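Structure record follows, encoded as structure tokens.
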Amino acid sequence: MPSVILQRREAVVEIILNRPEMLNAANCELITQLAAAAVEAAEDQVARVVLLRGSGTHFCAGGDITMFGELIGLPPAERRRALYRIVDGLHPLLMRLRHMPKPVVAAVQGAAAGFGLSLVLAADLALAAEDAIFASGYIHLGTSPDGGLSATLAQVVGLKHAAELMLLGDRFDAPRALQLGLVNRLVPPAALESEAMMLATRLANGPAHGYGRTKALLQATFGDAFEAQLRRETESFAACAATEEFVEGVRAFLEKRRPNFLGS
């Protein structure tokens, strides 16, 4: 079964994260397939809009911690190199979503945490189910954010709110996500897919060139700052992955207990 499904409904191409049994958590396979799907969607001459969503009951619960669990037994230097490669592999996908001249709509149900939250912020527009749950979460693993989150979250919600969400790592609900500007609209859970498709279809019937140029102007407000921040995030995440705090955070998650960072 593929980790990502790509399907087109007339002028709307859907990119569907397809690891429902793992809450659509991102492992190396999903990241690779998601990047390839983004390229194919961007180059599809018929598709005018991209709809990004998850299969099952969740959007994306972040990175697959079991993948990290397989790495914590490595020596710190090897662990650092391995996590550097994984995080660096996210960049082509994120840049493609941000810079393709087609609107990208995210439909968020269940959990959008860690990398899942980064995907929401990489989309141009986002709808969320009224019972969706959001979190940064990286700090609970003893690491810093990836996926451009440190740039996009701060830009959308401001430095103080971004610091709160990333340093505390607390979960927050859909109404707060709407209040902070992380999503555009809340809809009943049962209506999410139809409402998202309705919005995507509306965009597909609009002026493609106008949308593309408008999106390019909006992205230009970042300049080269986003790309530079991605590089800094990769270095930071890899450095954190080489510490005992990261080992403790991952072990605590897998053992379903609170991490004890004072002893690491």
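The values are calculated or read from the model by the stated rules, or taken from the named source; none is laboratory data. Computed from a predicted model, the values in this text were never measured in an experiment. When we count neighbours, we look across all protein chains shown, and the Cβ atoms used for this are built from the backbone with ideal geometry, even at glycine.
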- prompt: Where in region 200-262 are there helices (runs of 4 or more DSSP H), lying fully within it, with 2 or more residues that are under 18 Å from residue 74 (Cβ atoms)?
  reply: 225-241, 244-254
- request: Quickly run through region 24-53 and pick out the residues that are more than 20 Å from residue 91 (Cβ to Cβ), part of a loop (DSSP other than H, G, I, E, B) and either among the aromatic types (Phe, Trp, Tyr) or in contact with a helix residue (DSSP H, G or I) (Cβ under 7 Å, 6 or more places away or on another chain) (or both).
  value: 47, 48
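Based on this model, can you work out whether residue 19 counts as charged (D, E, K, R) and under 18 Å from the mean Cα position of the chain (by Cα)? Steps first, please.
On the way: charged (D, E, K, R): yes; under 18 Å from the mean Cα position of the chain (by Cα): yes.
Against the criterion (charged (D, E, K, R) and under 18 Å from the mean Cα position of the chain (by Cα)), residue 19 qualifies.
Within region 1-23, which residues are part of a helix (DSSP H, G or I) and free of Cβ contacts under 8 Å to residues at least 40 places away in the same chain? I'd like the intermediate steps shown before the answer.
Kept after step one, since they are part of a helix (DSSP H, G or I), are these residues of region 1-23: 20-22.
Answer for region 1-23, where residues must be part of a helix (DSSP H, G or I) and free of Cβ contacts under 8 Å to residues at least 40 places away in the same chain: 20, 21.
Name the one entry in 112, 77, 106, 126 that is out of contact with any Pro (no Cβ under 7 Å at 6 or more places or on another chain), over 20 Å from residue 219 (Cα atoms) and in a strand (DSSP E or B). Steps first, please.
Details: 77 fails: in a strand (DSSP E or B); 106 fails: over 20 Å from residue 219 (Cα atoms); 126 fails: over 20 Å from residue 219 (Cα atoms).
Just a single option satisfies the conditions, and that option is 112.
Residue by residue, here is whether (1) farther than 24 Å from residue 90 by Cα; (2) at pLDDT 95 or above; (3) touching a helix residue (DSSP H, G or I) at 6+ places or on another chain (Cβ under 7 Å); (4) surrounded by 22 or more Cβ atoms within 10 Å (Cβ to Cβ) holds:
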position	(1), (2), (3), (4)
134	no, yes, yes, yes
148	no, no, yes, yes
169	no, yes, yes, no
173	yes, yes, no, no
178	yes, yes, no, no
181	no, yes, yes, no
186	yes, yes, yes, no
201	yes, yes, no, no
field: Inter-residue pairs, beta-carbon under 7 Å, first assigned to a helix (DSSP H, G or I) and in region 56-68, second buried (at least 24 other Cβ atoms within 10 Å of the Cβ), 6+ apart
entry: 65/250; 68/250
query: Is it true that residue 77 is touching a strand residue (DSSP E or B) at 6+ places or on another chain (Cβ under 7 Å) and more than 18 Å from residue 6 (Cα to Cα)?
result: no
task: Tell me, yes or no, whether region 17-32 has at least one residue that is at pLDDT 95 or above, of a type in the set (S, T, N, Q) and touching a Cys at 6+ places or on another chain (Cβ under 6 Å).
output: yes
- request: Answer yes or no as to whether residue 94 is within 17 Å of the chain's Cα centre (by Cα), modelled with pLDDT under 95 and either in a helix (DSSP H, G or I) or hydrophobic (A, V, I, L, M, F, W, C) (or both).
  value: yes
